[in-house]
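The values are calculated or read from the model by the stated rules, or taken from the named source; none is laboratory data. Quantities reported herein were computed from a predicted structural model and do not represent experimental measurements. Don't worry about glycine lacking a Cβ; one is built from the backbone with ideal geometry, like all the others, and counts go over all protein chains shown.
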Amino acid sequence: MKITKMTKKHIPQVIDVLREAFDDWSFKRRGKKRNRNRKPEAILPYLEFEPEGCLVAIEKNKVVGAIFCHVWGKFGWIGTFGVHPDFQEKGYGKDLMTKAVEYLDKKRTVTTLALETMNASSSNIGLYSKLGFKPAFQTIRLIRPIILSPLKETNFGKFAEENNLEISYMSQEEDKADIFTRCGWLASKIENGLDYRTEIELAEKYNFGETILLKREGFIIGFAICRTFRRYETEEIDLDLTVKILVIDKDAKDPQYLDYLLFACDKFGEKLNRTSLRMNINSSYWLVYKHLINSEFRVRSTILRMIKFSEDIKSYDHYHEWLVNCTSFSM
C-alpha cells in the first residue's frame with residue numbers, strides 16, 4: 001500500500017470509493033444505502049486548488065481510500081475522507097489522515113486544523129483523537145422554508161433604507177479583487193487568520209453558486225456564499241438552496257443585518273425555484289444559533305467538529321458574543 005497525490009486519472013475510482021464508504025455507513029446506521037456518485041466536476045476544482053493536499057491510498061494499482069485538504073488562510077480543513085469498506089480497519093485511513101495532517105502542518109503551516117465527523121462514528125472519533133484532534137462543539141444543520149411576502153419586502157426595504165444598505169451579487173461586480181480583500185478581512189475579524197476567499201473563487205470560477213454581498217454605504221459588511229451546483233449524479237430535483245458560508249462584520253451586532261442577508265438569499269433561491277434554505281451554525285456561536293432557531297429554522301441533524309488546537313488559541317467559546325460565522329465545509 002502507498003499514499004500518493006491524487007491525479008485526474010484517479011477521479012473515477014475516487015468517486016467509487018467515496019460512494020461505497022458512505023453507503024456502508026448509511027446502511028449500518030439507517031438500514032439503507034444512499035447510492036450517490038459525486039460528479040467529477042465537483043471534485044476536480046478542489047484538486048486544482050490544493051493539488052498536493054488531495055491524496056489517495058493505492059493497493060495493487062487500485063484506489064482504496066481518498067482524502068481532501070483545504071486551506072482558508074491560516075485554517076486547514078480535512079474532508080471529504082473515505083476508505084472502501086473492504087479495506088477499513090487495516091491502517092489505510094490512519095495513513096491517509098497522518099499524511100493529510102503532515103501536509104497541512106508542515107507545507108501549508110496552518111495554525112488550526114479542523115474536521116467534522118458523525119457523532120455516532122466511534123472509530124473515526126477515536127482515530128482523530130489519537131492524531132491530536134479534540135471535540136470542540138456541535139455543528140448544527142438547519143433548514144427552513146423559503147417564504148416571501150409583501151410584508152417582508154416592505155419591512156426589509158425600510159430597514160435597508162434607514163441603514164443605507166444594498167445587496168449585490170459577486171457575478172455582477174467589476175472590481176472583484178477589492179471584494180476578495182474585503183471579504184478576507186471580514187472573516188479575519190471573527191477568527192484571526194481565517195480567510196474564505198478561495199471558497200468565493202470556487203463559486204465564481206466553477207459556477208458552484210453565487211456570493212451575495214451585503215453593503216452599507218457602499219462598503220461590504222457581510223457576504224453569503226450560496227451553493228447551487230449539484231454535487232451528485234442524481235435525477236432528483238434539488239429543492240434546497242445551501243448557504244455554504246455566511247459572514248457578517250462582528251461590529252454589526254443587530255440581528256436584523258443577518259435577517260436581511262438571509263432574506264436576500266431567499267430571494268435568490270426563489271429565482272431558482274428552491275423551496276428551502278439550508279445552513280449550518282456551530283454551537284459556539286450560541287447567540288446566533290438561538291436567533292436562527294427562533295426565526296423559523298429547525299434542526300435537521302448535528303455533526304461533531306473536532307479541532308487540533310495551536311498553542312495561541314485559548315478557546316472557541318463565543319457563547320456570549322454576537323458573531324456571525326455560519327459554515328458548511330462539506331465538498
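Just a few scattered comments:
- Set side by side, the residues ARG231, ARG216, ARG182 differ, and just one is outside the structural domain of PRO40 (by TED's automatic domain parsing) and closer than 28 Å to PRO40 by Cα, which is ARG231.
- From LEU127, LEU131, LEU113, residue being buried (at least 20 other Cβ atoms within 10 Å of the Cβ) and closer than 27 Å to ASP24 by Cβ: LEU113
- Answer residue from the stretch 142-162, given it is of a type in the set (Lys, Arg) and surrounded by fewer than 16 Cβ atoms within 10 Å (Cβ to Cβ) and is farthest from the chain's Cα centre (by Cα) among those: LYS158
- Residue selected from the stretch 113-151 under the condition part of a loop (DSSP other than H, G, I, E, B) and in the same structural domain as ASN282 (by TED's automatic domain parsing), by the criterion farthest from GLU296 (Cα to Cα): SER149
- A Cβ distance below 8 Å, combined with a sequence gap of six or more or placement on separate chains, defines the contacts here; from the stretch 287-312, residues that are in a loop (DSSP other than H, G, I, E, B) reach residues that are modelled with pLDDT under 95 and not aliphatic (A, V, I, L, M) in the pairs PHE309/THR112; PHE309/LYS134; SER310/THR111; SER310/THR112; ASP312/THR111.
- The one condition from (1) among the acidic types (Asp, Glu); (2) surrounded by 15 or more Cβ atoms within 10 Å (Cβ to Cβ); (3) under 28 Å from GLU201 (Cα atoms) that GLU41 does not meet is (2).
Rundown of residues vs (1) hydroxyl-bearing (Ser, Thr, Tyr); (2) outside the structural domain of ILE190 (by TED's automatic domain parsing); (3) closer than 24 Å to ASP95 by Cα; (4) surrounded by fewer than 19 Cβ atoms within 10 Å (Cβ to Cβ), yes/no style:
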| position | (1), (2), (3), (4) |
| --- | --- |
| ASP16 | no, yes, yes, yes |
| SER26 | yes, yes, yes, yes |
| ASN35 | no, yes, no, yes |
| VAL56 | no, yes, yes, no |
| LYS62 | no, yes, yes, yes |
| TRP72 | no, yes, yes, no |
| GLY76 | no, yes, yes, no |
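- Every pair of residues 6+ apart whose Cβ atoms lie under 7 Å, when the first sits in the stretch 261-278 and is in contact (Cβ under 8 Å) with a residue 12 or more places away in the chain and not assigned by TED's automatic domain parsing to the domain that holds PHE229 while the second is surrounded by fewer than 23 Cβ atoms within 10 Å (Cβ to Cβ) and not basic (Lys, Arg): none
- There is at least one residue in the stretch 203-221 that is buried (at least 16 other Cβ atoms within 10 Å of the Cβ), acidic (Asp, Glu) and within 20 Å of GLY73 (Cα to Cα).
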